[in-house]
């Protein structure tokens, strides 16, 4: 199970409260600032988590919401129907790399943090490292990452995730999914403009 996100990149990350009036626009803008503007590399979102734990369902909820939106510019893996979690992560990553040549990957995951940061969505450089709560070394995921702080860390984290409010997780998932969808629309327009200049 994917209990806690650890980051290898220690540089500052953008932090946005999920219910801020401009959260969707700001997250979309931040994503576009990190994604290569014009590239032959496929842009792939890997949404990590499991529907067996409320707090850890953020990733697959986002994946399912994006699947319904039928993104044109980005590829999405990890949904409620087909979650990507600690047990199958390595296998699914291999499948994704076989399917997509040199993909630019955005890792999407839930994490725990300080009380004052619950509800914060983070976008930053470098991968997310899932699986801190399992006795297994799991691969890092992503050229960049999006994480949502769903509850408080520090004590009985498995229990904390199991008892995280679905209401908060769902609202955060909708904000992140809407921002990725908006970024996809803007990215598609930018790509078309770039192609016309060649």
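The values are calculated or read from the model by the stated rules, or taken from the named source; none is laboratory data. Every value quoted in this text rests on a predicted model; they were computed, and no experiment measured them. Using ideal geometry, Cβ is built from the backbone for each residue, glycine included, and neighbour counts are taken over all protein chains shown.
Rundown of residues vs (1) under 17 Å from residue 172 (Cα atoms); (2) in a loop (DSSP other than H, G, I, E, B); (3) touching a residue at least 40 places away in the same chain (Cβ under 8 Å), yes/no style:
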| position | (1), (2), (3) |
| --- | --- |
| 40 | no, yes, no |
| 46 | yes, no, yes |
| 51 | yes, yes, no |
| 60 | yes, no, no |
| 66 | yes, no, yes |
| 81 | no, yes, no |
| 90 | no, no, yes |
| 108 | yes, no, yes |
| 137 | no, yes, no |
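For the residues 149, 144, the requirement of being in contact (Cβ under 8 Å) with a residue 12 or more places away in the chain and under 14 Å from residue 30 (Cβ atoms) singles out 144.
So which residues in region 35-50 are over 15 Å from residue 147 (Cβ atoms) and under 15 Å from the mean Cα position of the chain (by Cα)? If you could, list the steps in order and put the result at the bottom.
Taking region 35-50 and keeping what is over 15 Å from residue 147 (Cβ atoms), we get 35-44, 50.
Listed by number, the residues that qualify are 35, 43, 44, 50.
Residue-level check: of (1) within 16 Å of the chain's Cα centre (by Cα); (2) modelled with pLDDT under 95, residue 66 misses just (2).
Residues in region 154-161: is at least one in a loop (DSSP other than H, G, I, E, B), touching a residue at least 60 places away in the same chain (Cβ under 8 Å) and touching a helix residue (DSSP H, G or I) at 6+ places or on another chain (Cβ under 8 Å)?
The answer is no, given that none of the residues of region 154-161 is in a loop (DSSP other than H, G, I, E, B), touching a residue at least 60 places away in the same chain (Cβ under 8 Å) and touching a helix residue (DSSP H, G or I) at 6+ places or on another chain (Cβ under 8 Å).
Do we have residue 101 as surrounded by fewer than 17 Cβ atoms within 10 Å (Cβ to Cβ) and either touching a residue at least 60 places away in the same chain (Cβ under 8 Å) or under 25 Å from residue 36 (Cα atoms) (or both) here? Yes: the conditions hold for residue 101.
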